[in-house]
Amino acid sequence: MDKIKKILGKDLELSILVGITLVVLIAAAAAFGGSMYSGRNIQSMAFQIPEFGFFALAMMLSNMVGGIDLSIIANANTVAIFTAYILNGTWSFGTEGAARVLLAVTAAIITSLAFGVFNGFIIAKTSAPSLIATLGTMTFIQGIGMALTGGSSVGNIDPAFAEFGKAVFLGLPVIFWIFLAASVILGVIISFTGLGRKLYLYGGNPVAARFSAINNEKMSILVFMTTGLLAGMAGLIILSRVNSAKVGYGDSYLLQTMIVCVIGGISPNGGKGKVQGVIIAIILMQVMSSAFTIMSLSPYTKKLIWGIMLIAVLGLNFAVTAYSQHKTLKQSMKNLQGALQK
Amino acid sequence: MKKKLDQYQKMLMVIIIIYSVFVALKNPQFLKVQTVFDIIKTSSTTMIVAFGLLVVMISGGIDVSFMAIALFGSYTSLYTMIKTGINNLAFAFALSAFIGVCLGLINALLINWLKLPPFIITLGTQNLFHGIMTTFISDKSFGSGVLPTCLHQFGQGTLFKIYTENGSAGLTVSLIPVLIAGILTYLILYKTMLGRGIVAIGNNEESARRAGFNPFIIRLFVYGYSGALAGMMGIVYAAQVNALYPNKMVGDELMIVAAVVIGGTKITGGQGKIFGSVLGVLIIYLLNSTLILIGLSSSWNNLFVGAILVIAVAVTSYQERVKNRNHLIFTE
């Protein structure tokens with residue numbers, strides 16, 4: 001019993017999260033039964049997770065360094081628009097078939113990295129707060145997409161690329177495997193390498209990090225570059241699933257990624273959180289949105305529920321932190337009294 | 001507001017003047033009184049909330065829920081008026097502002113209690129308020145036929161009219177709430193101890209606390225004030241559109257944040273000018289309404305606003321950073 005308590009207590013927030021997820025999973029099974037856990041629904045959830053998951057990973061990274069990246073969705077949409085223009089032959093430079101797809105993917109990676117570096121450069125070199133800097137780049141990147149398309153959607157893309165979004169490998173979609181691989185790589189880097197340590201230090205206290213020989217500017221450019229790349233991946237996945245690109249797709253993801261990060265134990269003040277937590281939170285979120293779809297809730301009701309969830313989770317986190325601090329304080333007082341009596 | 005303009009505001013003025021001259025040369029249509037009055041009318045609603053947001057940002061916070069508050073306040077009060085048959089403009093403003101204050105206080109309490117970035121909390125309450133309104137009150141749209149007639153008169157009313165050969169152009173009555181909000185904000189910020197406290201907690205909360213200011217009270221006031229202005233703005237907006245929709249306004253918050261930041265307000269708090277915010281809002285609306293005159297479609301709007309915002313943020317932050325580094329202050 002003590003052992004279990006110790007394991008649970010070691011990472012209280014993660015244990016609570018796992019508990020809540022299990023409760024929701026069981027409740028969903030009880031309420032919807034077969035329609036929730038049928039093979040078809042699980043597979044459709046696996047198709048929906050990656051695009052949202054990449055956004056959540058991007059938001060997680062920027063939150064971990066105490067910042068926020070508002071430009072991820074604009075970035076994904078504009079990258080998708082560029083790629084769609086190459087894939088439908090407008091900018092294909094005479095390439096055909098596989099060469100065109102290769103060119104499109106390369107262009108997508110380069111543009112998303114460029115947007116990310118642009119963010120990182122402004123934040124690192126001018127010390128602008130990331131909230132407002134990325135608000136500017138968000139409007140700007142959205143503006144590029146808007147000026148190119150005039151607000152209409154770009155479709156008619158190469159069918160070979162659309163196949164990629166539907167492809168299935170070992171029973172699960174290929175895009176899901178890509179998402180899994182990306183999160184494992186990110187998780188390993190964050191938890192087991194020196195770079196990850198530096199990331200936590202930089203997020204926890206940037207001034208202390210600066211005077212501990214950590215190159216803050218390099219860190220911040222690196223983080224926002226990765227954020228941009230992850231957002232670009234989400235853009236590619238959206239394009240392959242929806243078969244068209246347009247400004248303003250998935251605007252509601254911004255709030256949802258924020259909720260996922262907070263539920264997953266990422267502190268918006270920086271320096272705290274793990275990839276595992278976010279992955280579990282993404283699954284929880286997907287099950288809930290699936291349930292909402294089955295219940296056919298109106299978008300307004302969904303909005304209400306997401307809003308309540310964000311505030312409630314923030315409140316719960318606050319209460320848990322206060323409780324554990326109180327407990328540590330009490331324990332150390334006891335130890336002190338014991339030592340004094342001796 | 002006869003204060004000496006600082007360097008930054010002069011720069012904004014110069015940009016506005018150069019751009020206006022450019023547009024006027026390209027398309028003489030711009031020089032009509034009608035165009036100027038139209039810009040004033042469309043920007044008047046934004047101005048009101050921009051003042052509220054300015055006060056919040058000077059105190060070091062940020063509020064992205066004010067549009068949801070404006071919608072909640074105006075929708076609820078007009079809905080009540082339609083249902084009960086009250087036809088009184090003052091009642092609409094009072095009820096809407098009162099609802100705004102209540103919702104603003106909820107924001108302040110949550111921010112003070114949870115001690116987390118205000119952006120995330122107000123993003124949550126934005127969805128919460130909008131969800132509560134549409135779920136528990138109503139999510140129907142109302143056309144001009146059922147709306148109280150006083151609202152219609154207010155929306156169409158003009159202070160005075162100028163007659164030209166191609167018809168008349170009137171200056172909108174909506175300018176009055178803007179002026180009231182602007183003067184009130186000026187008086188609060190510069191002539192009261194509370195206003196000094198707002199600037200003080202924006203600069204350094206701990207120092208302000210030790211100097212005897214109570215950050216909790218100040219925060220309650222700041223978010224309440226922003227909520228009240230948002231409530232008023234909602235009524236002005238509904239009067240101008242002359243219809244009541246359950247899904248308008250929400251989603252435009254970030255554009256107003258952009259306007260206030262372009263006006264030279266520091267997002268970390270402690271610095272911001274009323275006239276600067278007016279200029280910021282004007283720049284955005286000038287672009288909005290003149291891009292068509294110089295031969296570009298309105299799709300280019302975001303590109304220009306984004307570019308101006310990025311440059312404004314980069315310039316102000318870089319100046320701050322150089323100043324800080326010279327004094328060996330490290331903020332990151």
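Bear in mind these aren't lab numbers, they're just calculated from the coordinates by the rules spelled out. Given the structure is predicted, the values throughout are model-derived calculations rather than measurements. Counting neighbours? That spans all protein chains shown, and the Cβs are built from the backbone with ideal geometry, glycine included.
Taking the square roots of 5 times each eigenvalue of the Cα gyration tensor of segment A:239-282, largest first, gives ellipsoid semi-axes of 27, 12, 8 Å. In this structure, residue B:254 and residue A:340 have a Cβ-Cβ separation that, at R0 = 41 Å, corresponds to a calculated FRET efficiency of about 0.10.
In chain B, Cα pairs under 8 Å separated by at least six residues give a relative contact order of 32 percent. Amide H contacts for residue A:66 (H built 1.01 Å from N in the peptide plane; partners 5 or more residues away or on another chain; cut-off under 5 Å): A:270, A:271. When chain B is treated as a Gaussian network with alpha carbon springs shorter than 10 Å, the biggest mean-square fluctuation among B:36, B:322, B:278 belongs to B:322. Per-residue 3J(HN,Hα) values for segment A:77-85, derived from phi via the Karplus relation 6.51 cos²θ - 1.76 cosθ + 1.60 with θ = phi - 60°, read 5, 5, 4, 4, 5, 4, 4, 5, 5 Hz in sequence order (x marks Gly and Pro).
Between segment A:236-263 and segment B:42-74, the C-alpha centres lie 27 angstrom from each other. If R0 is taken as 35 Å, the Cβ-Cβ distance between residue B:42 and residue B:86 corresponds to a FRET efficiency of 0.80. Could you tell me how far the Cα centroid of segment A:26-44 sits from the Cα centroid of segment A:75-119, in Å? Centre-to-centre distance over Cα atoms comes out at 37 Å. Based on alpha-carbon centroids, what's the gap between segment A:274-342 and segment B:271-332 in Å, whole number please? Cα centroid to Cα centroid, the span is 37 Å. Kirkwood hydrodynamic radius computed over segment B:110-262 comes to 18.7 Å, based on all pairs of distinct alpha carbons. Diffusion of segment A:28-67 by Stokes-Einstein, at 37 °C in a medium of 0.692 mPa s and with Rh set to the Kirkwood radius over alpha-carbon pairs, works out to 274 µm²/s.
The relative contact order of chain A, computed from alpha carbon pairs under 8 Å that lie at least 6 residues apart in sequence, is 31 percent.
For the protein assembly as shown, the ratio of Cα radius of gyration to the globular rule of thumb 2.2 N^0.38 Å stands at 1.00.
Annotation: amide H of residue A:168 within the under-5 Å range of A:174, sequence separation 5 or more or interchain, hydrogens built in the peptide plane. Shown here for segment A:43-143: chymotrypsin sites (Phe, Trp or Tyr not before Pro) in loop regions (DSSP other than H, G, I, E, B) with at most 16 other Cβ atoms within 10 Å, namely A:91, A:93. Calculated [222 nm] ellipticity per residue, helices only, for chain A: -27000 deg cm²/dmol; basis is -39500 (n - 2.57) per DSSP H run with n ≥ 4, divided by all residues, nearest 500. For segment B:117-200, relative contact order (Cα pairs under 8 Å, six or more residues apart, normalised by length) works out to 13 percent.
Run the Debye formula on the Cα coordinates of chain B, all scatterers equal and no solvent, and tell me log10 I(q)/I(0) at q = 0.11, 0.15 1/Å. Values, matching the q order: -0.74, -1.32.
Computed from phi, the 3J(HN,Hα) profile of segment A:146-155 under the Karplus parametrisation 6.51, -1.76, 1.60 (θ = phi - 60°) reads 5, 5, 6, 9, x, x, 8, 8, 9, x Hz, with x in place of Gly and Pro.
Scaled to the globular estimate 2.2 N^0.38 Å, the Cα spread of segment A:12-296, given as radius of gyration, is 1.02. Which shape class applies to segment A:48-203: rounded if a/c is under 1.5, otherwise prolate when a/b exceeds b/c and oblate if not, where a ≥ b ≥ c are the square roots of the Cα gyration tensor eigenvalues? Since a/c reaches 1.5 but b/c is at least a/b, the shape of segment A:48-203 is classed as oblate. Note the angle between two axes, namely the Cα long axis of helix A:275-295 and the longest principal axis of the Cα atoms of chain A, as a number of degrees from 0 to 90, rounded to the nearest 10. In chain A, helix A:275-295 runs at an angle near 70 degrees to the longest axis. Close lysine pairs were tallied over segment A:12-296: pairs 8 or more places apart or on different chains with Cα atoms under 24 Å apart number 8. Ordered by the number of other Cβ atoms lying within 10 Å of each residue's own Cβ, fewest first, B:150, A:261 fall into the sequence B:150, A:261. Peptide B:117-124 has a mean of 6 when you count, residue by residue, the C-beta atoms of other protein chains within 10 Å of its C-beta. Distance between the modelled labels on residue B:191 and residue A:113, one decimal in nanometres: 5.9 nm (7 Å Cα→Cβ projection). Just to be sure I follow: if Rg is taken over the C-alpha atoms of segment A:183-278 and Rh is the Kirkwood radius over the same atoms, what is Rg/Rh? Reported Rg/Rh (Cα atoms, Kirkwood Rh): 1.03. Per residue of chain B, the DSSP helices (runs of n ≥ 4 H) give a summed -39500 (n - 2.57) that works out to -23000 deg cm²/dmol at 222 nm. Sorted from longest to shortest, the spans of the Cα atoms of segment B:187-306 along the three principal axes equal 56, 31, 23 Å.
With a Cα-only, solvent-free Debye model of segment B:29-137, what are the log10 I(q)/I(0) values at q = 0.17, 0.20 Å⁻¹? After summing over all Cα pairs, the log10 values are -0.88, -1.06. The amide H of residue B:172, built 1.01 Å from its N in the peptide plane, has B:159 as neighbours under 5 Å, considering only residues 5 or more places off or on other chains.
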